[in-house]
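Okay, structure first, notes after.
The values are calculated or read from the model by the stated rules, or taken from the named source; none is laboratory data. Please read all numbers here as calculations on a predicted model, not as lab measurements. Here the Cβ positions follow ideal geometry from the backbone for every residue, glycine too, while neighbour counts run over all protein chains shown. When the accessible area is computed, the model is the full protein with side chains, heavy atoms only, and any ligands, DNA or RNA have been set aside. Shrake-Rupley method; radii C 1.70, N 1.55, O 1.52, S 1.80 Å.
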Amino acid sequence: MADPVNPSHATFDLFVQAKTCQEVKKHFIELCRQLHIDPKDFRSFYTKIKERLNYWKAKALWTKLDKRASQEAYQQGKACLKNKCLVLGAGPCGLRTAIELSLLGAQVVVLEKRGEFTRNNVLHLWPFTIYDLRELGAKKFYGKFCSGSLDHISIRQLQLILLKVCLLLGVEVHTEVEFQGLIEPTGETGWMAKLQPQSHPATAFQFDVFISAGGGRFVPHGFKHKEMRGKLAIGITANFINGNTAAEAQVAEISGVARIYNQKFFQELLNQTDIDLENIVYYKDDTHYFVMTAKKKSLLKKGVIKQDYSNAEQLLAPANVDHVALCIYAHDAAYFSTGGKLSDLQFAQNHAGQSDVAMFDFTCMHRSENASHVRERRGKKLLIALVGDCLVEPFWPLGTGIARGFFAAFDTAWIVKSWGMGVPHLKVLAERESIYQLLSQTTPENTSKNYSQYSIDPKTRYQRVNLSSIQAHQVQHLYDGDKTRPSSTTQDSQCVMRRDPASGFEELLKWCVKHTNGHKNVNVKDFTQSWRSGLALCALIHHFRPKLM
Ligand code: FAD
């Protein structure tokens with residue numbers, strides 16, 4: 001029981017049960033105030049809250065988090081002590097990555113442009129994700145989490161669980177702030193982010209790792225996306241109010257029927273309703289959630305799409321969709337596929353207060369050509385990595401988004417660890433790209449079943465992984481060095497030395513002058529006198545590695 005004289009116990013209960021993003025943040029701040037812990041004290045936040053919140057309900061959670069934190073890969077939270085990571089996006093994959101980075105000992109800041117988590121849509125979970133989330137205490141935050149044979153969760157519930165874990169581990173999560181781009185280092189400052197609002201405190205954060213988890217179609221500067229164009233595929237999602245009655249509980253879920261496996265069902269649906277589908281999924285969660293792929297002909301016939309176009313973008317443009325007809329179409333498909341047992345199907349509301357039904361184009365899916373880049377300016381390197389939908393867009397009816405998204409989160413944390421341990425940047429990039437090659441082929445069948453051994457180490461998850469299938473020399477294009485000065489890569493500095501001795505000598509002198517320029521009492525003119533005091537050497541070191549000085 002909560003101690004009646006200890007208000008922090010009651011606040012902890014409110015934090016655990018909070019059902020919106022803003023509520024979570026509010027109770028968290030109050031908890032920090034009551035326990036006298038600075039939420040910005042990321043280094044010892046978790047240790048302090050554990051010590052000061054002496055409450056049995058919290059202890060059960062600490063046991064879980066301690067177990068995760070004790071994994072060898074994190075090196076007792078010391079692997080990334082020097083790293084500062086900015087994570088763009090508080091979707092499930094951004095938050096999951098943030099947890100891993102914080103367990104590695106890094107300082108982690110997450111930015112999210114929305115103020116609330118509002119997506120009712122339901123995500124399919126592979127067995128390893130269920131195990132993973134349970135081990136992070138999902139059941140403590142959301143009692144219904146994957147009870148019995150359930151293998152799904154709504155996007156917003158998943159975000160809430162991960163947000164709570166993030167905060168307890170000392171991750172800084174800022175909402176209602178939009179990332180607008182990277183700001184290159186100046187002489188004094190490192191890599192920073194341009195944000196909206198411009199006065200946001202996170203604009204002062206300087207980082208050496210940038211994780212982009214901004215969702216599908218978000219392509220950070222410098223990354224190329226490949227288009228995978230298939231035959232026209234029109235997805236419809238719909239959420240209906242779940243009254244949680246006994247009758248509703250009885251209705252069987254449909255974990256995915258495709259036309260080729262149950263032709264009779266789809267034929268009857270067509271005969272009785274004129275609705276023609278390729279597949280349908282029904283999950284029961286906070287809402288009754290349906291996702292289906294519909295054939296264009298039937299959408300035209302039922303008046304959902306007003307006019308036929310060969311171009312999918314024009315075809316599904318909001319002006320060409322009759323919203324009322326779409327609601328009827330989704331309603332009738334849901335009603336038929338549940339055998340009429342959901343007799344009172346009423347639409348749940350989306351974030352805009354409208355019926356939560358939507359139509360999406362899956363004809364053209366995107367995936368990033370590469371998973372990581374390194375950019376260097378003024379001697380400051382930045383590791384940039386993509387995770388989640390931003391890396392590979394999932395086809396929702398297949399339910400691969402979270403599973404592959406979490407794999408990418410772990411893979412990314414693995415290379416951030418290498419980065420933190422000082423592995424040369426081309427090797428880090430080569431390793432990330434080697435692992436990335438496997439991502440789109442992963443299925444529950446071809447990945448390890450030993451979930452208790454899963455860690456950020458790819459070998460614990462992929463059955464066959466060769467971390468050096470791509471070599472450092474093959475990823476040089478993923479390193480974007482400073483164009484305004486000779487690069488600090490070994491190769492480039494060798495280029496300066498390889499020319500004929502006279503011009504090489506002159507060029508090297510020019511280079512030294514340029515990079516020591518502006519430092520007090522330093523005036524490089526030659527390779528002898530100018531270096532006697534040692535100040536020129538210090539200036540050179542300071543220019544490229546200011547932290548060392
Ligand atoms: P997301 O969950 O998309 O999160 C990205 C986050 O980044 C968002 O919260 C966004 O607000 C934030 N962001 C983007 N740009 C910026 C910026 N510039 N600054 C700050 N923050 C930014 N999958 C299914 O399997 N079934 C479904 O029915 C389904 N429905 C979906 C409905 C919608 C509207 C969307 C967007 C996605 C849906 N998905 C669905 C995909 C599923 O949500 C993702 O696979 C899953 O959430 C993992 O995605 P993520 O964390 O990589 O990205």
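Looking only at region 383-414, which residues are open to solvent by 20 Å² or more (accessible area, probe 1.4 Å) and more than 16 Å from the ligand (Cβ to nearest atom)?
Scanning region 383-414 gives a single hit, Trp414.
Hey, among Val374, Val357, which residue is touching a residue at least 24 places away in the same chain (Cβ under 8 Å), surrounded by fewer than 24 Cβ atoms within 10 Å (Cβ to Cβ) and within 12 Å of the ligand (Cβ to nearest atom)? First the steps, then the outcome.
Working: Val374 fails: within 12 Å of the ligand (Cβ to nearest atom).
Of the residues listed, the single one that is touching a residue at least 24 places away in the same chain (Cβ under 8 Å), surrounded by fewer than 24 Cβ atoms within 10 Å (Cβ to Cβ) and within 12 Å of the ligand (Cβ to nearest atom) is Val357.
Please state which of the following conditions Val110 fails to meet, knowing it meets all the rest: (1) open to solvent by 10 Å² or more (accessible area, probe 1.4 Å); (2) under 17 Å from the mean Cα position of the chain (by Cα); (3) within 22 Å of Ala385 (Cβ to Cβ).
(1)
Collect the residues in region 329-347 that are touching a residue at least 24 places away in the same chain (Cβ under 8 Å) and surrounded by 15 or more Cβ atoms within 10 Å (Cβ to Cβ), keeping them in residue-number order.
Tyr329, Ala330, His331, Asp332, Ala333, Ala334, Phe336, Ser337, Thr338, Leu342, Leu345, Phe347
Which members of region 263-291 meet the condition of being assigned to a loop (DSSP other than H, G, I, E, B), modelled with pLDDT of 95 or more and open to solvent by 30 Å² or more (accessible area, probe 1.4 Å)? I'd like the intermediate steps shown before the answer.
Keep residues of region 263-291 that are assigned to a loop (DSSP other than H, G, I, E, B), which gives 274-276, 285-286.
If we keep only those that are modelled with pLDDT of 95 or more too, we end up with 274-276.
Within region 263-291, just Asp274 meets the criteria.
Return a yes/no flag: does region 415-426 have any residue that is open to solvent by 20 Å² or more (accessible area, probe 1.4 Å) and either within 30 Å of Ala233 (Cα to Cα) or within 15 Å of the ligand (Cβ to nearest atom) (or both).
For region 415-426, residues open to solvent by 20 Å² or more (accessible area, probe 1.4 Å) and either within 30 Å of Ala233 (Cα to Cα) or within 15 Å of the ligand (Cβ to nearest atom) (or both): absent.
Can you name the helices (runs of 4 or more DSSP H) wholly within region 52-135 that have at least 2 residues being among the aromatic types (Phe, Trp, Tyr) and assigned by TED's automatic domain parsing to the domain that holds Leu168?
Working: elements: 56-69, 92-103, 127-135.
By residue number, 127-135.
What are the pairs with Cβ atoms under 8 angstrom where one residue, in region 287-303, is on the phi > 0 side of the Ramachandran plot and the other, located anywhere, is open to solvent by 10 Å² or more (accessible area, probe 1.4 Å) and part of a strand (DSSP E or B)? Sequence gap at least six, or different chains.
Qualifying pairs under 8 Å: none.
Could you check region 235-262 and list, in sequence order, the residues that are part of a loop (DSSP other than H, G, I, E, B) and either more than 16 Å from the ligand (Cβ to nearest atom) or open to solvent by less than 50 Å² (accessible area, probe 1.4 Å) (or both)? I'd like the intermediate steps shown before the answer.
Narrowing region 235-262 to residues part of a loop (DSSP other than H, G, I, E, B): 242-245, 251-253, 262.
Within region 235-262, Asn242, Gly243, Asn244, Thr245, Val251, Ala252, Asn262 qualify.
Would you pick out the residues in region 352-379 that are at pLDDT below 90 and either among the aliphatic types (A, V, I, L, M) or within 30 Å of Met549 (Cα to Cα) (or both)?
Once the filter is applied, which keeps residues that are at pLDDT below 90 and either among the aliphatic types (A, V, I, L, M) or within 30 Å of Met549 (Cα to Cα) (or both), region 352-379 yields only Met365.
Quick one: Ile541 ticks every box in (1) open to solvent by 30 Å² or more (accessible area, probe 1.4 Å); (2) modelled with pLDDT of 85 or more; (3) over 12 Å from Gly379 (Cα atoms) bar one, so which box is it?
That leaves (3) as the condition not met.
Go through region 164-187 and count every residue that is touching a Phe, Trp or Tyr at 6+ places or on another chain (Cβ under 6 Å) and either at positive phi or at pLDDT below 95 (or both).
1
Take the residues in region 100-148 that are among the small types (Gly, Ala, Ser) and touching a residue at least 24 places away in the same chain (Cβ under 8 Å); name whichever of them is farthest from the ligand (Cβ to nearest atom).
In the first step, residues of region 100-148 are kept if they are among the small types (Gly, Ala, Ser); the result is 102, 105-106, 115, 137-138, 143, 147-148.
Imposing the further condition that a residue be touching a residue at least 24 places away in the same chain (Cβ under 8 Å) reduces the set to 102, 105-106, 115, 137.
On the way: Ser102: 17, Gly105: 23, Ala106: 19, Gly115: 10, Gly137: 20 Å.
Per the criteria, the residue is Gly105.
Among (1) away from the ligand (no atom under 15 Å from the Cβ); (2) of a type in the set (Gly, Ala, Ser); (3) crowded, with 18+ Cβ neighbours inside 10 Å, there is one condition Ala90 misses while meeting the rest; what is its number?
That leaves (1) as the condition not met.
Mind checking which residues of region 250-304 are among the β-branched types (Val, Ile, Thr) and farther than 30 Å from Phe145 by Cβ? Working first, answer last.
Quick first cut of region 250-304, residues among the β-branched types (Val, Ile, Thr) only: 251, 254, 257, 260, 273, 275, 280-281, 287, 291, 293, 304.
Hits for region 250-304 are Ile260, Thr273, Ile275, Val304.
Hey, among the residues in region 300-314 that are touching a helix residue (DSSP H, G or I) at 6+ places or on another chain (Cβ under 7 Å) and crowded, with 17+ Cβ neighbours inside 10 Å, which one's nearest to Asn271 (Cα to Cα)?
This residue is Lys302.
Give me the pairs: first residue in region 464-478 and assigned by TED's automatic domain parsing to the domain that holds His373, second residue surrounded by 12 or more Cβ atoms within 10 Å (Cβ to Cβ), beta-carbon distance under 7 Å, and six or more apart or on different chains, which are they?
Note: no pairs meet the criteria.
Filter region 69-87 for residues that are under 22 Å from Gln159 (Cα atoms), open to solvent by less than 20 Å² (accessible area, probe 1.4 Å) and not β-branched (Val, Ile, Thr) and give the result. So that I can check it myself, show each step before the final result.
Taking region 69-87 first, the residues under 22 Å from Gln159 (Cα atoms) are 69, 85-87.
Checking the rest, the ones that are also open to solvent by less than 20 Å² (accessible area, probe 1.4 Å) come to 85-87.
Selection gives Cys85, Leu86.
Can you name every residue in region 521-535 that is part of a loop (DSSP other than H, G, I, E, B) and small (Gly, Ala, Ser)?
Ser533, Gly534
Which of the numbered conditions does Glu506 fail, given that it passes all the others? Conditions: (1) modelled with pLDDT under 80; (2) surrounded by 14 or more Cβ atoms within 10 Å (Cβ to Cβ).
(2)
If Ala352 satisfies every condition in (1) touching a residue at least 12 places away in the same chain (Cβ under 8 Å); (2) farther than 29 Å from Tyr451 by Cα; (3) within 12 Å of the ligand (Cβ to nearest atom) but one, which is the exception?
Tallying (1) touching a residue at least 12 places away in the same chain (Cβ under 8 Å); (2) farther than 29 Å from Tyr451 by Cα; (3) within 12 Å of the ligand (Cβ to nearest atom), Ala352 fails exactly one: (1).
Can you tell me how many residues in region 193-227 are more than 11 Å from the ligand (Cβ to nearest atom) and open to solvent by 80 Å² or more (accessible area, probe 1.4 Å)?
Summing the residues that are more than 11 Å from the ligand (Cβ to nearest atom) and open to solvent by 80 Å² or more (accessible area, probe 1.4 Å) in region 193-227 gives 7.
Looking only at region 149-168, how many residues end up being within 9 Å of the ligand (Cβ to nearest atom) and farther than 18 Å from Val281 by Cβ?
So the answer is 1.
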